[in-house]
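Report on the structure given below.
Nothing in this text is a laboratory measurement; each read-out follows from the coordinates by a stated rule. None of the values given here were measured: they were computed from a predicted structure. Cβ coordinates were reconstructed from backbone atoms using ideal geometry, including for glycine residues, and neighbour counts include every protein chain displayed.
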Amino acid sequence: MRKKIVAGNWKMNGSRYDAHVLLESIKQGAGTLSGVEIIIFPSFVYLQQCEETLADSLISWGGQNLYLGRAGAFTGEISGAMLVDYGCQYVLIGHSERRHLFYEDVNLLAAKYKAAQYVGLQPVLCVGETIEEREAGKTESIIQQQLASVVEAASIDAFRQAVIAYEPVWAIGTGLTATPDQAQEIHAFIRQVLAAYHPGIAQSVRILYGGSVKPDNAKSLFAMPDIDGGLVGGASLDAKAFLAICQAAMYT
Ligand code: 13P
């Protein structure tokens, strides 16, 4: 049985005050939600607030990105070791905004994946196709390529502790959600790709769906057999909505 995860990706949003209010509200509301793992991915500058507020809770937190190596002359970058220093357990790797807006390619992402594991962070590897790729019938080949590049660089063993997030680019921040059946089809495909390397790991890896997850669609998505929770953007900035999504994950 794979424990469900609901993760909030705050992206480049919030203020110090907003982070304080949001973290306190989520912590209070999550007190009774023991059946679901909750992770917060704030902007780097609010990680210390996560550590201070959430250290005595069951909620984890992580970075939205990292750079390679422990330290060095990489102006503007944050290393995995620095994330660990702030109590992070997770890090997002290859979010579509990193792939498309910041041109992070499969080789860099594979290196980042390895860098995360090297310092003991659990990577949340994000994969997903654009609308053009979907319409051209390339969804599976794109996802296969996004997964294979990391498996081949880091080895399938590196997926024992990993989490994957399927985020169709066309569903991110658009209000368009993949239907539960559309999402399930790709989640099953992701498991099938991993099973070709190692059936046991394919069964145990948790695969989250992301893309306009809201309180009113979370339950039907999370009820699908290969959907192990959600990576939530916009709705994670509203404590009530985020907690409702966590609640939906408890009962599916
Ligand atoms: P939205 O939930 O705002 O569509 O964002 C999804 C996402 O990109 C989470 O990483």
Using θ = phi - 60° and the Karplus curve 6.51 cos²θ - 1.76 cosθ + 1.60, what whole-Hz ³J(HN,Hα) does each residue of the range 142-156 get, with Gly and Pro shown as x? 5, 5, 4, 5, 5, 6, 4, 4, 7, 4, 5, 7, 9, 6, 5
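Sorted from fewest to most neighbouring beta carbons within 10 Å, what does the list Lys112, Lys138, Lys27 look like? Present the calculation step by step, with values, prior to reporting the outcome.
Details: Lys112 25, Lys138 15, Lys27 18.
Ranking Lys112, Lys138, Lys27 by Cβ neighbours within 10 Å, fewest first, gives Lys138, Lys27, Lys112.
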Starting from the 7 Å offset along Cα-to-Cβ, what nm value, one decimal, do you get for the label separation of Gln145 and Asp85? 3.7 nm
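Given a Förster radius of 51 Å and the C-beta distance between Gln28 and Gln203 as r, what FRET efficiency does 1/(1 + (r/R0)^6) yield to the nearest 0.05? Numbers along the way, then the final one.
Values: r = 35 Å, r/R0 = 0.69.
The calculated FRET efficiency here is 0.90.
Tell me the relative contact order for the chain as a rounded percent, counting alpha carbon contacts under 8 Å between residues six or more apart. Intermediate values should be presented prior to the final figure.
Details: 476 pairs, mean separation 53.5, N = 252.
Rounded, it is 21 percent for the chain.
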Divide by every residue of the chain the summed helix terms, -39500 (n - 2.57) for each DSSP H run of at least 4, and state the resulting mean residue ellipticity at 222 nm, rounded to the nearest 500 deg cm²/dmol. -13000 deg cm²/dmol
Of Lys11/Lys219; Lys114/Lys214; Lys4/Lys114; Lys27/Lys114; Lys27/Lys214, which sit over 21 Å apart, Cα to Cα? Lys11/Lys219; Lys114/Lys214; Lys4/Lys114; Lys27/Lys114
Assuming a ≥ b ≥ c are the square roots of the Cα gyration tensor eigenvalues, decide whether the range 148-239 counts as rounded (a/c under 1.5), prolate (otherwise, with a/b larger than b/c) or oblate. prolate
Calculated on alpha-carbon atoms, Rg and Dmax of the chain in Å: 16.8, 48
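For a quick check: sort Val205, Val150 by the number of other beta carbons within 10 angstrom, fewest at the front. Don't jump to the answer; show the numbers that get you there.
Working: Val205 21, Val150 27.
Ordered from fewest to most neighbouring Cβ atoms within 10 Å, Val205, Val150 come out as Val205, Val150.
Between Arg70 and Ser155, what FRET efficiency follows from the Cβ-Cβ distance if R0 is 25 Å, with the result rounded to 0.05? Write down the numbers at each step before the final one.
Details: r = 21 Å, r/R0 = 0.86.
The formula returns an efficiency of 0.70 here.
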Length gained when the stretch Met250-Gln182 is fully extended (0.36 nm per residue, less Cα-Cα span): 22.3 nm
Apply the Karplus curve 6.51 cos²θ - 1.76 cosθ + 1.60, θ = phi - 60°, to the phi angles in the range 136-141 and return the couplings in whole Hz, x for Gly and Pro. 8, x, 9, 3, 5, 5
Label-point separation (nm) for Lys3 and Gln48, each offset 7 Å from Cα along Cα-to-Cβ? 3.0 nm
What ranking of Leu23, Leu101, Leu108 emerges when the number of other C-beta atoms within 10 Å of each C-beta is taken as an exposure proxy, fewest first? Leu101, Leu108, Leu23
Run the paramagnetic zone check for Ala195: 7 angstrom along Cα to Cβ, then residues of the range 157-181 with backbone nitrogen under 15 Å. none
Please give the contour-minus-distance gain from Asp105 to Val21: 0.36 nm per residue of separation, less the Cα-Cα distance, rounded to one decimal in nm. 26.7 nm
